[in-house]
1. Across the residues of A:114-127, average count of Cβ atoms on other protein chains within 10 Å?
2. Hey, what do the phi angles of segment A:49-55 turn into as Karplus ³J(HN,Hα) couplings, whole Hz, using 6.51/-1.76/1.60 and θ = phi - 60°, x for Gly and Pro?
3. For the protein assembly as shown, what does -39500 (n - 2.57) per DSSP helix run (n ≥ 4), summed and divided by total residues, give at 222 nm, in deg cm²/dmol to the nearest 500?
4. Figure the gain on full extension for residue A:181 and residue A:16 (residue separation times 0.36 nm, minus the Cα-Cα span) and round it to one decimal in nm.
5. Using the crude model of +1 on Lys and Arg Cβ and -1 on Asp and Glu Cβ, and no other charge, please compute the dipole size for chain A relative to its Cα centre, in debye to 20.
6. Can you find, among A:11, A:24, A:72, the residue sitting farthest towards the positive end of the charge dipole of chain A, where Lys and Arg contribute +1 and Asp and Glu -1 at Cβ?
7. If you take every residue apart from residue B:79 with its C-beta less than 10 Å away from the C-beta of residue B:79, what net charge results, scoring Lys and Arg +1 and Asp and Glu -1?
8. For the ranges B:28-36, A:132-140, A:60-68, what's the packing order if you count other beta-carbon atoms within 10 Å of each residue, average per peptide, and put the highest first?
Amino acid sequence: MARRESPEINAGSMADIAFLLLIFFLVTTTMDVDSGIARKLPPYDEQKAPPPPVKKQNILQVLVNANDEILVNEDYMELRDLRQKAMDFVDNNYKGDCDYCQGSRDKTMSENPEKHVISLQNDRGTSYEMYIAVQNELTAAYRELRNRESRLRFGRNYDLLSDEDAKEIAKLYPLNISEAEPLKL
Amino acid sequence: MSKFKKKTGGKGPGISTASLPDIVFMLLFFFMVTTVMREVELKLENKKPRATEVKKLEKRSLVSYIYIGPPKQMYQAQFGREPRVQLNDQFARLDDIQQFAIAEKEEKSESERPLMQFSIKADRGVKMGIVSDVKLELRKANALKINYSTEKGTPRPLE
């Protein structure tokens, strides 16, 4: 009996088909990971309860006006100086009960990192780019303080710490940025 | 007598391409798995500002996006040039944001809700007015974890 051999399917074009699909996915894929500055908003309060009293020296008031100019505690300031100013302010330790602070204990700045508040207020006409830049500088100030402390304690940067250690460091320099409603002009 | 006889003359064997499809398939699967299709069609300009202190957004499924920016050229006749808000696939009014935030919350399971984030993707050219309005609406809807979407890099005003 004659045995018929079944014809083999030519797989030579499989590579071409796969290439076609590959190129499609190569083109459509976007590798960018979404990233940004994370913030927490305060809960909405209809009655607008008055804010808890804070000593004036514990507040660093940052105003950004419609011309993207920065006013820190009523003094004009360049954006590039803001980071250092915020660091000095948070780390000031006027009261002297913060044993890890290295501030200058100036009597016009915060009592200790726990009590400080950075109050950020912008205008409706402030550009978004400037606002992000200011937020960025303030965040950077906290990051530098936390990094310094975590290098002293754990020998590593803050973002390389385990969750538990990171929490401990974050507690030492809590991020207290309070945002007021923008001015309406 | 030697076992290792030198082949003299003749062409070497051709390189087999039989494994080429396998390699290509491997690459294909990699890209198929990693690819993320754009879910919404952007109807407005959206160039991110730059910042250095960025955090990665983890868990894409728990992130909702709010786009802010001036409408693209083709929509300007209809919607004007002033910055607008886009939710999902269409332009929205500020009043819609609360509804949107609540609807997004409803979609997620109870346990995941505290981890939800709202990513504000605003064009770098917009003013803070509209961004503040959006933030106020989010606060009213009790959607408090937000993220200002940025690119990595030195902020432009610092340059």
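Bear in mind that the values in this text are calculations on the coordinates, not laboratory data. Everything numeric in this text was worked out from a predicted model, so none of it was measured. With ideal geometry, Cβ positions are generated from the backbone for all residues, glycine too; neighbour counts draw on all protein chains shown.
1. 2
2. 4, x, x, x, x, 10, 4
3. -10500 deg cm²/dmol
4. Working: separation 165, 0.36 × 165 = 59.40 nm, distance 5.97 nm.
Taking residue A:181 through residue A:16 to full extension adds about 53.4 nm, to one decimal.
5. Here chain A has a charge dipole of around 380 debye.
6. A:72
7. +3
8. A:132-140, A:60-68, B:28-36
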